[in-house]
Every structure is written in C-alpha cells, then in structure tokens.
Amino acid sequence: MDLNHLNWEGLALGACTFVIIGLFHPLVIKGEYYFGQKVKWAFAVLGVAASAAALLTSGFLSCLLAVTAFSSFWSIKEVSEQRERVRKGWFPANPRRHQ
C-alpha cells in the first residue's frame with residue numbers, strides 16, 4: 001500500500017478540530033473567571049468573524065474557520081454553564097469580581 005495516494009486531509013481536519021475544541025475549553029474557563037458573562041460577546045464576535053472568513057475562503061482553511069466559528073458559538077452556551085459550575089464550587093470564583 002502506497003501511503004502517498006491516501007487522502008490525509010480528513011484526518012488532518014479531525015486533528016485540528018480536536019485541538020480547536022481543546023483550546024476553547026480553557027478560554028471559556030478563563031474568560032468567565034476574568035470577565036464574567038460579558039465574555040459571551042467576545043465569543044459571538046469571534047464566531048461571526050470566523051463564519052464570514054469561512055465564506056470568503058475555500059478548502060481546508062474554510063473548514064478550519066467554520067470549526068472555529070461553531071466552537072465559538074458553542075462557547076457562548078458554555079459560559080453560562082461555567083457560571084453554574086462556579087456556583088456549585090467545582091471551579092474557583094474570581095474574588096476581585098462582584099458576583
């Protein structure tokens with residue numbers, strides 16, 4: 001079997017998706033810690049910008065931008081859930097921010 005004839009793009013996209021989702025997890029945690037619920041706006045702006053960029057590009061880059069956009073949109077929901085995790089004591093609350 002000649003490995004040069006295999007299409008590696010799908011596996012690369014899957015690996016990149018895994019990394020992007022993995023990067024958004026700490027962004028949600030740190031964003032909620034430092035900025036509270038206001039960080040949702042940053043995720044919304046990033047999602048819209050990445051969606052627009054995905055429409056204006058093609059191929060692999062367009063796919064990566066789309067994954068980034070929808071990971072950002074999902075993070076909006078996760079910020080609210082992070083607030084609940086903090087309320088339950090699963091994550092520390094920022095003592096400098098008024099709850």
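The values are calculated or read from the model by the stated rules, or taken from the named source; none is laboratory data. Because the structure is a prediction, the values reported are computed rather than measured. Quick reminder, even Gly has a Cβ in these numbers, built from the backbone with ideal geometry, and neighbours come from all protein chains shown. Accessible surface areas use protein heavy atoms only, side chains included; no ligands, DNA or RNA. Shrake-Rupley method; radii C 1.70, N 1.55, O 1.52, S 1.80 Å.
Computed quantities for the displayed model
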read-out: Within the accessible area of segment 2-55 (1.4 Å probe), percent carbon and sulfur; value: 76
read-out: Rounded accessible area per residue of the chain, 1.4 Å, Å²; value: 71
read-out: Loop chymotrypsin sites (Phe, Trp or Tyr not before Pro), segment 20-99 (other Cβ atoms within 10 Å of the site Cβ: 10 or fewer; DSSP); value: Trp90
